[in-house]
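Everything below concerns the one structure shown next.
The values are calculated or read from the model by the stated rules, or taken from the named source; none is laboratory data. This one's a predicted model, so the numbers in the text were calculated from it and none came from an experiment. Because the Cβ atoms are built from the backbone with ideal geometry, glycine has one as well, and the counts that use them run over all protein chains shown.
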Amino acid sequence: MPRPQTPDTPAPPLRETSWLSVAAIVLIVVLLLSVLADIGARVSGSVVTGQNWTGVLNAFLLAQLVNLPTFIFIGVLGDFASLFGRTGEGEVFTARNLKTLRSAGHGLIWAAAASSLIVPTVLSWTTGDGRGFIWDVNDLALGTGAMGCALLGLVHVFAEGIRLKADSDQII
């Protein structure tokens with residue numbers, strides 16, 4: 001019995017997911033502009049001279065640190081943009097998409113950790129307080145971490161879907 005041919009174009013619901021890729025790219029640009037504005041505001045008015053270059057560098061690096069969760073989140077959005085683009089082209093249950101989902105889940109957890117533990121602790125150490133580890137959890141950090149954990153749970157379901165698809169393809 002001949003194997004049924006798969007259509008060259010994905011089903012309409014899959015094609016419609018490709019616009020989510022564009023939305024994620026727009027969000028990346030908006031977040032990058034926001035980060036650049038914040039860094040510019042923290043460093044603006046500083047003229048680098050032989051005497052104050054360390055102060056300007058310190059302000060720049062602290063601005064980078066404060067925006068670390070946003071940088072991580074931009075990476076997660078990049079993962080989702082590529083995932084939605086591939087899904088829109090019909091590539092759904094693949095190891096590549098599984099790896100992308102796993103990366104996005106880990107990224108969300110790291111963004112939550114950066115927001116609630118890493119950034120407050122390093123800021124405390126650099127300002128001279130040095131109070132040890134600071135745990136500054138808010139609802140957004142908890143929600144981001146929970147979504148990362150949920151996504152990692154879905155990765156296991158997705159992996160089972162890939163296994164079932166492979167079994168089905170072998171049968172046919």
* Structure fact -> Taking the stretch 115-172 and keeping only residues that are in contact with a Lys or Arg (Cβ under 8 Å, 6 or more places away or on another chain) and either exposed (fewer than 15 other Cβ atoms within 10 Å of the Cβ) or without any contact (Cβ under 8 Å) to a residue 40 or more places away in the chain (or both), one is left with Ser124, Ile172
* Asked: Would the stretch 80-100 turn up any residue that is closer than 20 Å to Ser115 by Cβ, out of contact with any Asp or Glu (no Cβ under 6 Å at 6 or more places or on another chain) and of a type in the set (D, E, K, R)?
  -> no
* Asked: In the stretch 35-53, is there at least one residue being among the polar types (S, T, N, Q) and in a helix (DSSP H, G or I)?
  -> no
* Asked: Is there a residue being in a loop (DSSP other than H, G, I, E, B), surrounded by 15 or more Cβ atoms within 10 Å (Cβ to Cβ) and modelled with pLDDT of 90 or more anywhere in the stretch 66-75?
  -> yes
* Structure fact -> In the stretch 15-26, anything part of a helix (DSSP H, G or I) and surrounded by 15 or more Cβ atoms within 10 Å (Cβ to Cβ) is listed as Ser18, Leu20, Ser21, Ala24, Ile25
* Asked: If we keep just the residues of the stretch 78-100 that are surrounded by fewer than 19 Cβ atoms within 10 Å (Cβ to Cβ) and of a type in the set (A, V, I, L, M), which is modelled with the lowest pLDDT?
  -> Val92
* Note down all Cβ pairs under 6 Å where the first residue falls in the stretch 41-62 and is under 22 Å from Val119 (Cβ atoms) and at pLDDT below 85, the second is in a loop (DSSP other than H, G, I, E, B) and not polar (S, T, N, Q), and they're at least six residues apart or on different chains. => Val56/Val48
